[in-house]
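Engineer: Take a look at the following structure, please.
The values are calculated or read from the model by the stated rules, or taken from the named source; none is laboratory data. Nothing here was measured: the structure is a model prediction, and the numbers come from that model. These area figures cover heavy atoms from the full protein model, side chains too; ligands, DNA and RNA do not enter into them. Shrake-Rupley method; radii C 1.70, N 1.55, O 1.52, S 1.80 Å.
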Amino acid sequence: MAATVVLLGPPGSGKGTQTSRLRDDLGLVALVTGDLLRAARANGTALGHRAAGYMDRGELVPDELIVGMIAEAIAKSGAEPILLDGFPRNVGQADALAGALESSARELTAVILIDVPDEIAAARISGRHEGREDDNPTTVRERLRVYHEETEPLVAYYEARGLLFRVDGAPSSDAVSAGIREALEAAAAIR
Ligand code: ADP
């Protein structure tokens, strides 16, 4: 069955950097929900309009907007190995993902948590230069709060299913990449 990997971690954990590397090095097809939503906004789609306010406040976009978008992208990916960055972000989305994978005859290979403390995450975001609208201090605090409240429960959710691998996200990007590669090898080995 085609590999399906989820990358989990707070804003500022380096998910974006690691996603690009995995795409380049391992040929995984990356589905990045934040990028898909920003593209929807830039293209002025109905989804983009409805998502905008939530994104600017640092809140999660309602599940009914995001779940269909991801289910469609997964269905389209055929038998390609995929990497999900930014989805799922709460238990409802994780349950929806399980359903979407089942319909596509896919199985979750591994969930990789890039673990970094809030201080490092916030410092990294404030040092970014892409100038994202939602990278201001108030919204960053809200995104970290939402992460702990809504997304962090997924750590226990996936641990209970034997799918969770923790990688320390504090060291250099190279060291984090190496940790992720090890986790992916271990995941394949235990299956
Ligand atoms: P970060 O991981 O730095 O918070 P993202 O680019 O992943 O940034 O997400 C930006 C915003 O897009 C989030 O704050 C949220 O509003 C929205 N978003 C992204 N993914 C999801 C999702 N799975 N569910 C709900 N909202 C999402």
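Engineer: Please report, in cubic angstrom per residue, the volume enclosed by the convex hull of the alpha-carbon atoms of the range 35-80.
Structural biologist: 80
Engineer: For the chain, what does the helix formula give at 222 nm: sum of -39500 (n - 2.57) over DSSP H segments with n ≥ 4, over the residue count, nearest 500 deg cm²/dmol?
Structural biologist: Details: 9 runs with 105 residues, N = 191.
Mean residue ellipticity, 222 nm, calculated: -17000 deg cm²/dmol.
Engineer: If you don't mind, there's one more thing I want to ask. Considering only protein heavy atoms, what per residue accessible area in square angstrom results for the chain with a 1.4 angstrom probe?
Structural biologist: For the chain, the per-residue accessible area is 49 Å².
Engineer: Specify whether the C-alpha gyration tensor of the chain places it in the rounded, prolate or oblate class, a ≥ b ≥ c being the square roots of the eigenvalues: rounded for a/c under 1.5, otherwise prolate if a/b is larger than b/c and oblate if not.
Structural biologist: Note, shape of the chain comes out oblate.
Engineer: Okay, next question. Roughly to the nearest percent, how much of the accessible area of the range 129-171 is carbon and sulfur, given a 1.4 Å probe?
Structural biologist: 51
Engineer: Please label the shape of the range 85-191 as rounded, prolate or oblate, based on the square roots a ≥ b ≥ c of the eigenvalues of the alpha-carbon gyration tensor (a/c under 1.5 means rounded; beyond that, a/b larger than b/c means prolate, else oblate).
Structural biologist: Numbers: a/c = 2.19, a/b = 1.41, b/c = 1.55.
Oblate, because a/c is 1.5 or more while a/b does not exceed b/c.
Engineer: Now for a different question. With a Cα-only, solvent-free Debye model of the range 63-141, what are the log10 I(q)/I(0) values at q = 0.16, 0.24 Å⁻¹?
Structural biologist: Computed log10 I(q)/I(0) values: -0.77, -1.09.
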